[in-house]
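Visitor: Pasting in a structure now, in structure tokens, and then I'll have a few things to ask.
The values are calculated or read from the model by the stated rules, or taken from the named source; none is laboratory data. What you see is a predicted model; the values in this text were computed from it and never measured. Positions of Cβ are backbone-derived with ideal geometry, glycine not excepted, and every protein chain shown enters the neighbour counts.
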Amino acid sequence: MQGFSGSRCVRSTVTNQFKLLNNSLPFNKYAFLTTHNAFAIDEYPSHTGVPRITVTNQEDSITEQLNNGARALMLDTYDFRGDVWLCHSFKGHCYDFTAFLLTL
């Protein structure tokens, strides 16, 4: 079996992508580094009083994600406990064991 020989994602310095490229295109013609489930961060404590039993997608805080060059954040919001929470869903619903953070 052959190993991966292409480019690998590595941490580097943040650059202003508009200084590198033609910046006259419409907004929807650009691609931005985006983090999936930006809120689902390893080792963050549960805010529901119940241990979280769901996957995490990030090692860095949202601030660190932005400092590392991410310019878009994917956030999954759900109606939970009468409020809006950031949550991984289970069959389309947020539960104590999948909720991450109350938004407001």
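Visitor: Return only the number of the condition from (1) modelled with pLDDT of 90 or more; (2) exposed (fewer than 10 other Cβ atoms within 10 Å of the Cβ); (3) in a helix (DSSP H, G or I) that Leu66 does not satisfy.
Guide: (2)
Visitor: Can you name the residue in region 1-52 that is among the basic types (Lys, Arg) and out of contact with any strand residue (DSSP E or B) (no Cβ under 9 Å at 6 or more places or on another chain) and is also modelled with the lowest pLDDT among such residues?
Guide: Arg8
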